[in-house]
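S.K.: Quick one: structure below, then a few questions.
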């Protein structure tokens, strides 16, 4: 799959949003986010700003998803990987993912199946 640098940074922002949806980003979630940031050449100051905003602004995620519509299932899978990095998918994270899925045109069935598969990967 070929995504533009802008699209890949949008995925990073979306990952920050879902990881911070519960008001904190765990060490495991942060490790995944940092890996994505490093791959895209996003500096520490920019990443810190994204993380801080994701933890304090529950509306931040709504601004991140125009570009993600081109590869919605791929993006959802990346986001889920970050969400379950700490071994659980919290209700607040799931709520953000449901909103995302709706905005991206992903059915509830597809979301539930991907959540189930992502959760199995952490067992």
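Values quoted throughout were computed directly from the atomic coordinates according to the rules given, and no laboratory measurement underlies them. Model, not experiment: these values are computed from the prediction. Positions of Cβ are generated from backbone atoms using ideal geometry, with glycine treated the same way; all protein chains shown enter the neighbour counts.
S.K.: Per DSSP H run of at least 4 residues, take -39500 (n - 2.57); add these up for the chain, divide by its residues and hand me the 222 nm value, nearest 500 deg cm²/dmol.
M.R.: Details: 6 runs with 83 residues, N = 123.
Rounded to the nearest 500, it is -21500 deg cm²/dmol.
S.K.: At residue 74 and residue 103, where each label point lies 7 Å from the Cα along Cα→Cβ, what is the point-to-point distance in nanometres?
M.R.: Roughly 1.9 nm, to one decimal.
S.K.: For the chain, set up a GNM with springs between Cα atoms under 10 Å and report which of 84, 18, 42 has the largest fluctuation.
M.R.: Top of the fluctuation ranking is 42.
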